Amino acid sequence: KSPTHMAFGPGNQEIVTDLKNSRFMYRASAGEPFKVSPVPVKGPHSVVYNPADKLYYANDTENHRIIAFADLSSATITAQTNKIAGIPLKRPHDIVLDPASGWIYAINPNSGHVFRFTAIGENESVISVPVGGYARALTFANGKLYAIGSAKGRIVEIVDWETSTFKVYASFDPSGS
């Protein structure tokens, strides 16, 4: 009804995040029918598969948590958290994996907090990215992480995580401020 994300893998698997119906739909490959996952979520926005630990990580947005699970056909949640690096999750949106480093990243949309971890409860850290208001998406391009600030029409390249160094690309500001 309201897809917000599509993920691929492992293999040829396809996963659609269905926000309004609070579910994931998945299939082993194109051409096969989608199945509805019983993983219990409320208002999810995205999911990613981590080949390092063979778990899926998803933001369970309306439950203010990140979850990890091993099987889309089961309701079993392997791990979950409502905070990362001591910062509460508040409607976490996008979740992405850097395939080169194995870091998993997620974002709180209203605060600009971007979280980094290798598994729930492991190697956690957080930085505050100057997105200028509401920011719902993260992406990787050419090995670099970007946060997309929807409110101010800005894209922020995270140049160096350790020193919180950023490069801001400004575009049209839809807020007019």
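Remarks
- Count of residues meeting criterion [at pLDDT 95 or above and open to solvent by less than 60 Å² (accessible area, probe 1.4 Å)] in the range 79-93: 8
Here is a yes/no grid of residues against (1) over 27 Å from Ala147 (Cβ atoms); (2) among the acidic types (Asp, Glu); (3) without any contact (Cβ under 8 Å) to a residue 40 or more places away in the chain:
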site	(1), (2), (3)
Ser2	no, no, yes
Val48	no, no, no
Leu72	yes, no, no
Ala79	no, no, no
His93	no, no, no
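- Residues in the range 125-147 that are within 23 Å of Pro44 (Cα to Cα) and open to solvent by less than 50 Å² (accessible area, probe 1.4 Å): Ser125, Val126, Ile127, Val129, Val131, Gly133, Ala135, Ala137, Leu138, Leu145, Tyr146, Ala147.
- The lone criterion from (1) at pLDDT 95 or above; (2) under 20 Å from Asn59 (Cβ atoms); (3) surrounded by fewer than 19 Cβ atoms within 10 Å (Cβ to Cβ) left unmet by Ala151 is number (1).
The values are calculated or read from the model by the stated rules, or taken from the named source; none is laboratory data. Just so we're clear, the structure is a prediction, and the values are computed from it rather than from any experiment. Ideal geometry is used to build each Cβ from the backbone, glycine not excepted, and the neighbour counts take in all protein chains shown. Surface accessibility is based on the protein's heavy atoms, side chains included, excluding ligands, DNA and RNA. Shrake-Rupley method; radii C 1.70, N 1.55, O 1.52, S 1.80 Å.
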